[in-house]
Amino acid sequence: MEEDAGLASEIEADVKAIDTEYSDLERKLLFSGEHDGNAAIFSINAGAGGTEAQDWAQMLVRAYIRWTQRHKFDIDILEESPGEEAGIKGFTMIVKGTNAFGHLKAEAGVHRLVRMSPSTPPASA
């Protein structure tokens, strides 16, 4: 019975070591791009839509700044252009820290807000 307990303990330690090694290899693979370890220049620009688009751009800026804080990245704000009534027209920052570019490269593209009326039925898929 003692041999079984010892064997189970040894297997459990081996599984933990393999899991740690797997996590390390997965992270290395995830951030294996040529520029992944670098800082990132990050810009948000309000699209067409006037004040609504500028308000949405400001919400995105706040969300990304909070994300950088939670992940212990440093930021330098390079430019911030306020909207005429509310929100922002444009915003640019540099995000510094280990794998900053690797983390943020997937955020490229358009982030669109679609507001739905509570009385509008959902579109069928």
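The values are calculated or read from the model by the stated rules, or taken from the named source; none is laboratory data. All values reported here derive from a predicted model rather than from experimental measurement. Here the Cβ positions follow ideal geometry from the backbone for every residue, glycine too, while neighbour counts run over all protein chains shown. Side chains included, ligands, DNA and RNA excluded: accessible areas come from the protein's heavy atoms. Shrake-Rupley method; radii C 1.70, N 1.55, O 1.52, S 1.80 Å.
May I ask you to derive the FRET efficiency for residue 84 and residue 35 from their Cβ-Cβ distance with R0 = 41 Å, giving the value to the nearest 0.05? Efficiency for this residue pair is about 0.70. Charge dipole (Cα centre; +1 on Lys/Arg Cβ, -1 on Asp/Glu Cβ; no other charges) of the chain amounts to roughly 960 debye.
Each part reduced to its alpha carbon centroid, the stretch 1-26 and the stretch 61-122 end up 42 Å apart. Radius of gyration over Kirkwood radius for the stretch 29-70, both on Cα atoms: the Rg/Rh ratio is 1.14. Mind checking the angle between helix 50-70 and the chain's longest principal axis? C-alpha axes, 0 to 90 degrees, to the nearest 10. Tilt relative to the chain: about 30 degrees.
What percentage of the solvent-accessible surface of the chain, computed with a 1.4 Å probe over protein heavy atoms, is contributed by carbon and sulfur atoms? Ligands and nucleic acids excluded, carbon and sulfur give 54 percent. Computing FRET efficiency as 1/(1 + (r/R0)^6) for residue 120 and residue 17, where r is the C-beta to C-beta distance and R0 is 41 Å, gives about 0.15. Between 0 and 90 degrees, rounded to the nearest ten: what's the tilt of helix 2-30 against the longest Cα principal axis of the chain? With both axes taken from Cα atoms, the answer is about 30 degrees.
Before I look further, what does the chain give for accessible area per residue, probe 1.4 Å, in whole square angstrom?
Value returned for the chain: 76 Å² of accessible area per residue.
Assign one of three labels to the stretch 10-83, namely rounded, prolate or oblate, based on the Cα gyration tensor with a ≥ b ≥ c the square roots of its eigenvalues; rounded applies when a/c is under 1.5, prolate when it is not and a/b is larger than b/c, and oblate otherwise. Taking the square roots of the gyration eigenvalues as a ≥ b ≥ c, the stretch 10-83 is prolate.
Placing unit charges on the Cβ atoms only, positive for Lys and Arg and negative for Asp and Glu, gives the stretch 1-46 a dipole magnitude near 580 debye about its Cα centre. With helices as the sole contributors, the chain gives -15000 deg cm²/dmol at 222 nm; each DSSP H run of n ≥ 4 counts as -39500 (n - 2.57), and the sum is divided by every residue. Here the Karplus relation 6.51 cos²θ - 1.76 cosθ + 1.60, evaluated at θ = phi - 60°, turns the backbone of the stretch 82-90 into coupling constants of x, x, 5, 9, 7, x, 9, 7, x Hz, with x for every Gly and Pro.
Write down the Å³ per residue value for the convex hull defined by the alpha carbon atoms of the chain. Provide the component values of the computation, followed by the final result.
Numbers: hull volume 26.6 nm³, N = 125.
For the chain, the hull spanned by Cα atoms encloses 213 Å³ per residue.
Selection among 22, 47, 67 by position relative to the dipole of the chain gives 47 as farthest towards the positive end (Cβ unit charges, Cα centre).
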